[in-house]
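The values are calculated or read from the model by the stated rules, or taken from the named source; none is laboratory data. Just so it is clear, the structure is predicted and the values come from calculations on it, not from any experiment. Cβ placement follows ideal geometry from the backbone for every residue including glycine, while neighbour counts extend to all protein chains displayed. Side chains are part of the model used for accessible areas, which takes the heavy atoms of the whole protein and leaves out ligands, DNA and RNA. Shrake-Rupley method; radii C 1.70, N 1.55, O 1.52, S 1.80 Å.
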Amino acid sequence: MACQPGWYECPYCRICLPTWELLQNHIAVEHPPEPEPEPEPEPEPEPEPEPEPPGGYVSISITAPDSAEEGESVSVSVVVKNISERIYTFKTDIYAVPDLYPDYLIGGGQATIFPGDWKFYSAPFTMPDCNTTVLVWVERWAFDHWVYVGSASKVVTLEKVPVPEYKGSIARKELEYDETRGKIPVY
């Protein structure tokens, strides 16, 4: 069906309107344009690694004897202090690293430490027959993995026990066999 001359036909519903302005108004009200689909949200960027605070994250102090005898129990104490301005969860591993053998874990743990606070750890080991380094390794939790923040070490030196030196000489030896005794010459 066509409109009368001078009238305007709606291209959507085919009704006829007497003026161009009425047609424009009708289209805007009755047939609004489809809203544009919202764009896909951009994926969240990977978080930027935190810049290391000035002075670092932790201070580590180790207390252990300077030397020990083989077989002696060596007591090690470690203090890990959060020197940053934020709360972090730290993982501390304490190792004994003998000069002649593989290293082994002797202590440590995880702790959430507030700025300025500290965590104390104690770890003993038995002194082997060589110098042993106490190694403390500290990492902090960063979103979904551990990140190295510091380490410290101290060497415990093997203390040699002096072998007593005997002065003198053997003057005589005796041999007993079937209740018979006899002197053995000493050369």
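Odds and ends about this structure:
- Of the residues in the range 56-70, at least one is among the polar types (S, T, N, Q) and touching a Leu at 6+ places or on another chain (Cβ under 8 Å).
- Meets criteria (more than 30 Å from K160 (Cβ to Cβ) and modelled with pLDDT of 85 or more) for E21: yes
- Among residues that are at pLDDT below 85 and loosely packed, with under 10 Cβ neighbours inside 10 Å, P53 is not included.
- Residue in the range 22-44 that is open to solvent by less than 80 Å² (accessible area, probe 1.4 Å) and of a type in the set (D, E, K, R) present: no
- Candidates D178, D129, D93, D144 - the one that is touching an Asp or Glu at 6+ places or on another chain (Cβ under 7 Å) and acidic (D, E): D129
- Residue within the range 58-80 that is surrounded by 11 or more Cβ atoms within 10 Å (Cβ to Cβ) and more than 18 Å from V134 (Cα to Cα) present: no
- Considering only residues in the range 142-187 that are surrounded by 10 or more Cβ atoms within 10 Å (Cβ to Cβ) and among the hydrophobic types (A, V, I, L, M, F, W, C), the one that is modelled with the lowest pLDDT turns out to be A142.
- Only one of the numbered conditions (1) surrounded by fewer than 16 Cβ atoms within 10 Å (Cβ to Cβ); (2) part of a strand (DSSP E or B); (3) under 20 Å from the mean Cα position of the chain (by Cα) is violated by E139, and that is (1).
- C16 meets the conditions (1) more than 54 Å from the chain's Cα centre (by Cα); (2) open to solvent by 100 Å² or more (accessible area, probe 1.4 Å); (3) at negative phi in every case but one. The failed one is (2).
- If the condition is being farther than 22 Å from K160 by Cα and either among the hydrophobic types (A, V, I, L, M, F, W, C) or touching a Cys at 6+ places or on another chain (Cβ under 7 Å) (or both), then the range 63-115 contributes V78, V79, V80, I83, I87, F90, I94, L105, I106, A111, I113, F114.
- Qualifying residue in the range 40-50 (condition: under 30 Å from V134 (Cα atoms) and either assigned to a loop (DSSP other than H, G, I, E, B) or touching a residue at least 40 places away in the same chain (Cβ under 8 Å) (or both)): yes
- G116 vs. criteria in a strand (DSSP E or B) and open to solvent by less than 70 Å² (accessible area, probe 1.4 Å): no
- The range 133-165, residues that are free of Cβ contacts under 8 Å to residues at least 24 places away in the same chain and closer than 16 Å to S67 by Cβ: K160, P162
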